[in-house]
Amino acid sequence: MKTICITGLDGCGKTTQVKLLSEKLPDSRIVSVWDLIKRSEFQSWTIYKNPPDVEQYVANLHPVSRSLFIFHAFDAAYRHALNSEVDYIIFDGYWYKYWAVEQAMGAPETLGQFFSSQYLEPDYTFYLELSMEELLKRKKQISVYEAANQTDKIKAFIDIQARAGEILQTLLPKQTIYLNAVENIETLHQKILKNLNF
């Protein structure tokens, strides 16, 4: 089993590239923090059905509670994926993206140190770089979670993403492959495939 992570700030195009890669790799599984809601194997016991409802709930939690909730969702997705019989696991964001945002929104750094000890380093990590100006252009809607439940969503989003970007740089593996996400979707896809030797 090979593990591939595509990460970056909110709006950089992670999910698009993850989906394209999964189409290229039929025997693969996408893993994201939303699996708890979207994947059928969780539906028998999860109480969460609708992402906007979850975002509203999470946005009102204390930073520690919010981080524990986010990582509860990610951890369930992560462990189910590792126990699945696939050739490739493709992470949409991975733990360090989720933690960078959480710490940027006030969660204590010591909590992140614990999370970092729980998850394996992927075989490949791609970081999609994009300026804040480009992120805002692409972001059609800013959720209450992404704006930390603030009234001025744009300002809050910019502040959080700027801080998260700095934190994320300290968490990425040394062998991370940096890609300019301003390039068109297909060009980025081909560069990812080339680095994977496909």
Within the range 119-175, residues aliphatic (A, V, I, L, M) and assigned to a loop (DSSP other than H, G, I, E, B) come out as Leu120, Leu130, Ile142, Val144, Ala147, Ala148, Leu172
Here the qualifying pairs (Cβ atoms under 7 Å; residues six or more apart or on different chains; first in the range 140-155 and touching a residue at least 60 places away in the same chain (Cβ under 8 Å) and under 17 Å from Trp99 (Cα atoms); second part of a loop (DSSP other than H, G, I, E, B) and of a type outside the set (Phe, Trp, Tyr)) come out as Glu146/Asp10; Ala148/Met105
Of the criteria (1) over 22 Å from Gln175 (Cα atoms); (2) at pLDDT below 95, which one Lys19 fails: (2)
Output for the range 38-50, where each listed residue is out of contact with any helix residue (DSSP H, G or I) (no Cβ under 6 Å at 6 or more places or on another chain), part of a loop (DSSP other than H, G, I, E, B) and farther than 15 Å from Asn83 by Cβ: Gln43, Ser44, Trp45, Ile47, Lys49, Asn50
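Each row is one residue, and each column tells you yes or no for (1) surrounded by fewer than 17 Cβ atoms within 10 Å (Cβ to Cβ); (2) hydrophobic (A, V, I, L, M, F, W, C); (3) in contact (Cβ under 8 Å) with a residue 60 or more places away in the chain; (4) out of contact with any helix residue (DSSP H, G or I) (no Cβ under 7 Å at 6 or more places or on another chain).
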residue: Ala77; (1), (2), (3), (4): no, yes, no, no
residue: Tyr88; (1), (2), (3), (4): no, no, yes, yes
residue: Gly93; (1), (2), (3), (4): no, no, yes, no
residue: Ala104; (1), (2), (3), (4): no, yes, yes, no
Subset of the range 183-195 [aliphatic (A, V, I, L, M) and either surrounded by fewer than 14 Cβ atoms within 10 Å (Cβ to Cβ) or modelled with pLDDT under 95 (or both)]: Ile185
Residues located in the range 24-58, provided they are of a type in the set (S, T, N, Q), more than 18 Å from Met1 (Cβ to Cβ) and surrounded by 12 or more Cβ atoms within 10 Å (Cβ to Cβ): Gln43, Thr46, Gln56
Pick from the range 167-181, criterion β-branched (Val, Ile, Thr) and in contact with a strand residue (DSSP E or B) (Cβ under 8 Å, 6 or more places away or on another chain), ranking: surrounded by the most Cβ atoms within 10 Å (Cβ to Cβ): Thr176
When you scan the range 15-37, how many residues do you find that are in a helix (DSSP H, G or I) and in contact with a helix residue (DSSP H, G or I) (Cβ under 8 Å, 6 or more places away or on another chain)? 8
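The values are calculated or read from the model by the stated rules, or taken from the named source; none is laboratory data. Because the structure is predicted, anything quoted here is derived from the model rather than measured. Glycine also receives a Cβ, built like all others from the backbone with ideal geometry; neighbour counts cover every protein chain displayed.
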